[in-house]
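What follows is one structure encoded as structure tokens, with my remarks underneath.
Read-outs throughout are calculated quantities, based only on the coordinates presented, and are distinct from any laboratory measurement. Predicted model, so just to flag it, every value in this text is computed and none were measured. No Cβ is skipped: glycine too gets one built from the backbone with ideal geometry, and neighbour counts run over all protein chains shown.
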Amino acid sequence: MYGLVDAGIPMRHLAVSICCCVARSGLVILDPTKLEEQNMKAFAYLVFPNLVHPVLPEGSLSVQGEPIENGIVTSVTHGIMSVDDYFYCLERGRAASTKLFDFLGRNLQQQSVDSSKAG
């Protein structure tokens, strides 16, 4: 997706995908290497939007009266993990995606400034 933005293709929103793995020991690892993947008992592939409001249909910004602070575009799991492990992966994934969006935002702003100086 960043490649599309970098190529100058207009986009309304960005998304970040993260792989969260659960080891047999219970350790949770984000974006593992191929070698690390082979020793995991379960995976959750998570995709987070940079803004939750435009992704959700109107009127669905709360669940049972509680506001939704962070959305998720998709979640694909493989293997067996507990509900607690899954929610921990969501928590870690959201935290990592926030940092990635901050990085992308700074990088895109810098590119915009650099390209306006060149023109």
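Would you kindly derive the ³J(HN,Hα) couplings of segment 72-82 from the backbone phi angles with the Karplus curve 6.51 cos²θ - 1.76 cosθ + 1.60 (θ = phi - 60°), listing them in order in whole Hz, with x for Gly and Pro?
Along segment 72-82, the couplings run 9, 7, 7, 9, 10, 10, 9, x, 10, 9, 6 Hz.
Pop the C-beta distance of Glu36 and Asn107 into the FRET formula with R0 = 25 Å and round what comes out to the nearest 0.05.
After rounding to 0.05, the efficiency reads 0.40.
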